[in-house]
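Taking it in order: structure first as structure tokens, then the write-up.
The values are calculated or read from the model by the stated rules, or taken from the named source; none is laboratory data. All values derive from a computational prediction rather than experimental measurement. Note that we place each Cβ from the backbone using ideal geometry, even for glycine, and neighbour counts take in every protein chain shown.
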Amino acid sequence: MRIIKSVSVMQKYILGLKSKNKRIGFVPTMGYLHKGHGALLRRCRKENNISVLSIFVNPKQFGPNEDFHRYPRDLKKDELFAQREKVDIIFYPSADDMYPKDYLTYVEVGKIAQGLCGKFRPGHFRGVATVVGKLINVIQPDILYLGQKDAQQAAILKRMIVDLNFPVRVKIVPTVREQDGLAMSSRNSYLNDKQRQQAPILYRTLRHAEGLIQQGQRNPRKIIGQMRAMILKAAPFKIDYIECVDAASLDPLKVLRGDILIALAAWLGKTRLIDNIVLTVK
Ligand code: PAF
């Protein structure tokens with residue numbers, strides 16, 4: 001396994017691999033790797049000759065009052081994790097190399113970034129799209145692997161790749177969950193024991209919503225109302241949103257039909273948790 005810390009070295013190395021017709025798979029992360037990343041890396045390794053993992057806590061996607069400084073970091077542990085997953089290259093650039101002092105250019109994302117998390121984290125998806133666009137240009141992967149847990153991020157990046165003609169395919173890998181249903185996330189490490197026991201209610205309410213839909217409910221307001229009540233009864237959550245939207249455009253739905261995404265974000269103490277499910281409704 002090779003660890004490359006410089007953008008220019010990475011670009012040169014990739015050009016060499018491309019000239020040998022290697023198929024390159026890419027998993028972008030902010031590190032503090034968990035089993036969710038493991039699933040992405042395994043899929044990437046299976047489907048490509050070379051698997052590249054980037055670890056970069058991207059300052060441009062954190063708001064001024066967000067958790068950039070306290071975001072968990074552990075490169076040594078991540079290296080061992082990556083080695084076990086047989087990653088070929090870890091790309092671990094510095095913020096100065098990614099964003100030199102004279103840096104000016106951003107990817108502006110349209111209305112798909114305005115609802116859901118975008119409403120509560122202004123500028124977040126602009127930062128995500130910008131860094132992923134840059135990483136795609138540096139790594140030039142054939143396939144980009146993203147997790148379903150970050151559903152809005154995945155929808156936005158798919159859109160960006162089509163709109164800006166990036167020559168890369170995207171594969172979305174299902175959310176990996178703890179045994180009690182909590183979606184794997186690096187931010188789960190912020191939870192204390194009590195909060196950790198309360199957090200799985202989020203996934204239980206998503207499954208409850210699925211059950212209501214199976215019983216014929218098509219009115220999102222009714223479903224969201226029940227979910228909200230369940231969550232607030234279980235623990236002192238502060239809910240940012242619970243929404244039922246079209247799975248591709250992320251437009252809000254008045255009646256549930258087609259491929260839909262039920263997504264939520266809620267705070268438990270100082271930890272913001274997100275989760276979602278995708279369903280096809282006839
Ligand atoms: O999902 C993440 O960890 C980040 O948003 C990503 C895609 C690595 C961009 O910084």
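Miscellaneous remarks
- Applying the condition of being under 24 Å from ILE277 (Cα atoms) and free of Cβ contacts under 8 Å to residues at least 60 places away in the same chain to region 113-151 and asking which residue is nearest to the ligand (Cβ to nearest atom) yields ALA129.
- Here the condition is being touching a strand residue (DSSP E or B) at 6+ places or on another chain (Cβ under 9 Å), crowded, with 20+ Cβ neighbours inside 10 Å and farther than 23 Å from LYS270 by Cα; of ILE156, ILE161, ILE139, it holds for ILE139 alone.
- TYR203 within 18 Å of LYS35 (Cβ to Cβ) and either surrounded by 20 or more Cβ atoms within 10 Å (Cβ to Cβ) or modelled with pLDDT under 95 (or both): yes
- Some residue of region 181-195 being of a type in the set (A, V, I, L, M, F, W, C) and surrounded by fewer than 17 Cβ atoms within 10 Å (Cβ to Cβ): no
- The residue of region 40-75 that is surrounded by the most Cβ atoms within 10 Å (Cβ to Cβ), among those that are free of Cβ contacts under 8 Å to residues at least 40 places away in the same chain and within 12 Å of the ligand (Cβ to nearest atom), is LEU53.
- ASP251 more than 17 Å from ASP150 (Cβ to Cβ) and among the acidic types (Asp, Glu): yes
- Given (1) in contact with a Pro (Cβ under 8 Å, 6 or more places away or on another chain); (2) within 16 Å of the ligand (Cβ to nearest atom), number of the condition ILE24 does not satisfy: (2)
- The lone exception for GLN179 - which of (1) over 27 Å from LYS254 (Cβ atoms); (2) in a loop (DSSP other than H, G, I, E, B); (3) within 13 Å of the ligand (Cβ to nearest atom) it fails: (3)
- Residue under evaluation LYS171, criteria (1) outside any strand (DSSP E or B); (2) closer than 29 Å to PRO72 by Cβ; (3) of a type in the set (D, E, K, R), criterion not met: (1)
- Positions within region 130-154 being within 23 Å of GLY16 (Cβ to Cβ) and either among the acidic types (Asp, Glu) or not in a helix (DSSP H, G or I) (or both), in sequence order: GLN140, PRO141, ASP142, ILE143, LEU144, TYR145
- Residues satisfying the stated conditions in region 236-282, i.e. of a type in the set (S, T, N, Q) and more than 19 Å from the chain's Cα centre (by Cα): THR280
- Candidate set: region 91-114, residues that are within 19 Å of ASP163 (Cβ to Cβ) and surrounded by 18 or more Cβ atoms within 10 Å (Cβ to Cβ); chosen: the one nearest to the chain's Cα centre (by Cα): ALA113
- Among residues of region 211-226 that are at negative phi, those with a Cβ under 6 angstrom from a residue that is surrounded by fewer than 14 Cβ atoms within 10 Å (Cβ to Cβ), sequence gap 6+ or separate chain, pair up as ARG218/VAL255.
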